[in-house]
Amino acid sequence: MKARNLLRTLLLGVLAGAAWPALAACSRPIQVPMAPHGVAIVSKNDKAAGVLPDLLQSLGEAHGCKFVFSLVPRARLEMLFKEGNADLIVLSTRSPERDRAGSFVPMINYRAVLVSNKPLPTPVHTVEELVKNTELRIALVRGFDYGPAYRTLLEPALTARVQLANDLNDLMRRLQANIADVTILPYSSAYNTIVDDARLKGLDATLTIHALDDLPWQDAGFYVSSRTLAPADKSALIDLLGADEVGNQFIKGLSKAIPPKILALTARRHAK
């Protein structure tokens, strides 16, 4: 049995034996566009694979919901959800804009940190201090959102200074080529991108990590659409995805590919 099929079989056994709320099967396939994100979501033969698609597929098989995955750029994913063309978005943080289109279901706690390609000459403790340090060139991934402090970097006044990368690989190559000095993201995402891209070999040894006071631990999880789903399907998905075992299995899946010390920096089980 192939390793991936073995993992899915084990997940099915664990999920079937876990305590779940009484759930009805979904009335139709659930459309889930995804953007590559470290080992959590990877592109394999132009299809979504990785820890989260495997988990959702196993979860769906155990509880009568078929999830249909498609790979799209992160910015496109956000547009699909807001326009009512996606049932679910994953690995999402909470925001007022997304709240208008769906209901947020937390899965894990995560923390975004400041990552630099060299030691900083002057310590940076907050996003506000980062903005004031005009010598530092900032790069972010288009479509990412790590809370109110992070969103200040996306304001029009900083457009000329903040570079927007298309994806994580593009972002890491900008740091490697010294086109940008710093970025903000969960460090486990940076680590996985470096490990998976041979062009970035050795970059992790040059990076430094700085926790920022105004980027605390916060929730990440799913948004379930209020615009595309029948009320019964929406309710069933919220109950299913909100079960503690979903976050527990996701963290366990990540831990098979990410060293514990690195994973502990930016991801942990959701605190109720």
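Calculate the translational D of region 153-256 in whole µm² s⁻¹ from Stokes-Einstein, where the hydrodynamic radius comes from the Kirkwood formula applied to all Cα pairs, the temperature is 10 °C and the viscosity 1.306 mPa s.
Working: Rh = 17.1 Å.
In µm²/s, the coefficient is 93.
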- Among Val39, Gly102, Ile238, flag the residue with its Cα farthest along the positive direction of the charge dipole of the chain, charges on Cβ as +1 for Lys/Arg and -1 for Asp/Glu. Val39
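Return the Rg/Rh ratio of region 113-210 with Cα-based radii and a Kirkwood Rh.
On the way: Rg = 12.5 Å, Rh = 13.5 Å.
Looking at region 113-210, the ratio lands at 0.93.
Among DSSP beta bridges whose residues both lie in region 113-210, state the antiparallel percentage, nearest 5. Provide the component values of the computation, followed by the final result.
Numbers: 7 of 12 bridges.
Of all bridge pairs located within region 113-210, approximately 60 percent are antiparallel.
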- Query: Could you state the number of Å between the C-alpha centres of region 195-272 and region 98-158?
  - Reply: 17
- Task: Have a look at the DSSP beta bridges in the chain and tell me what percent are antiparallel, nearest 5.
- Result: 70
- Bin by bin, in steps of 5 Å, what percent of the Cα pairs in the chain do you find, going until the bin that has the longest distance? 1, 6, 12, 17, 19, 17, 12, 8, 5, 3, 1, 0
- Taking region 127-180 as the region of interest, what is the percent of Cα-Cα pairs per 10 angstrom bin, listed from the shortest bin to the one with the maximum distance? 24, 56, 20
- Message: At 222 nm, what value in deg cm²/dmol follows for the chain if DSSP H runs of at least 4 each add -39500 (n - 2.57) and the sum is divided by all its residues, to the nearest 500?
- Response: -10500 deg cm²/dmol
- Express the Stokes-Einstein translational diffusion coefficient of region 197-272 in µm² s⁻¹, to the nearest whole number, given a Kirkwood radius over alpha-carbon pairs, 25 °C and a viscosity of 0.890 mPa s. 157
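Given the peptides 143-154, 220-231, arrange them by the average over their residues of other C-beta atoms within 10 Å, most packed first. List each step's numbers first, then the result.
Details: 143-154: 17.2, 220-231: 19.7.
Those peptides, ordered most packed to least, come out 220-231, 143-154.
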- Message: Between helix 187-196 and the chain, what is the angle of the helix's C-alpha long axis to the longest principal axis, kept within 0 to 90° and rounded to the nearest 10?
- Response: 90
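Could you order peptides 197-204, 211-218, 245-252, 85-92 by the average number of other Cβ atoms within 10 Å of their residues, highest first?
Numbers: 197-204: 12.9, 211-218: 15.0, 245-252: 19.5, 85-92: 23.2.
The packing order, highest mean first, is 85-92, 245-252, 211-218, 197-204.
All of the numbers you see were taken from the coordinates with simple rules; none came from a lab. Keep in mind the model is a prediction, meaning the values are calculated, not measured. Note that each Cβ is placed from the backbone with ideal geometry, even for glycine, and that neighbours are counted across all protein chains shown.
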